[in-house]
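Bear in mind that the values in this text are calculations on the coordinates, not laboratory data. Only a predicted model underlies this, so the values are computations on that prediction, with no experimental measurement involved. Quick reminder, even Gly has a Cβ in these numbers, built from the backbone with ideal geometry, and neighbours come from all protein chains shown.
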Amino acid sequence: MMNGQPDMQMKTLAILTCASLALAGCGRGIGSGGVGSASSGLNPFKWFGSGSSQQTTLTPDGGYPSARADARLPVAHIASARWEPLYEGRMLIVEGLPNTKGWWNAALITELPMPEGRIHGDEFGVLRLRLVGMPPPENTYAAAAPAQNPADRITTGITLPHEALATIREVVITGATNSVTLRR
C-alpha cells in the first residue's frame, strides 16, 4: 500500500461516522423539546427556513368557497328535473325559466359548501341544490323583456358518480319561487 493511504481512509471513515451520528441525533425526540425537536437549531428541516410550527392542511386558503358567496342569482322557476343514466353514475338535468331574457352562466350549486367533485348528501341523505345564473345587465332590452317559454329556458346539469349517489336518498332543487324534489 502507498504511504499515508490507511490514514486517509481512517480520517474519511471517522468524518462519515461523526456526520451520521450528528444527523441521527437530529431526528431523535421530535416533538419532545429535546435536541431533535422542531424548535431545535440542529433540526435539518429548519436549516433553510422551511420549518414551520403550524400544522399543514389541505383546506384552501380562505376555506372552501361558499355557495352563499356566489354572485349569481336564483333562477325564477324550476320547470323540470330528470335523471339520465351514465356509465359512471347519473346526470341530473334541470331546466329553469328566468323572469327576463338574457340570463347566462347558469349552474347547479350546492347549498352547503363542499369541495369541488366531492358532492354528498346531508345526514338525512338529502342533496340540496340551487339553480342560479347571471341576469342580463340593467337598462338593456333583455333585462326589460319577460322570458318566454320554451325559448328562454335555461338547461344545466351535474354529474353524480356512484360514490356520491350512495349517500343520496333524494335531491331538492330550489329556484327563486319553487323547488322540485327527485327521489333516487
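Tabulated values for the structure
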read-out: Calculated FRET efficiency for the pair residue 140/residue 80, C-beta based, R₀ 35 Å, to 0.05; value: 0.80
read-out: Relative packing of 125-136, 145-156, which averages over residues the other C-beta atoms within 10 Å, highest first; value: 125-136, 145-156
read-out: Neighbourhood net charge (12 Å Cβ-Cβ; Lys/Arg +1, Asp/Glu -1) for residue 162; value: 0
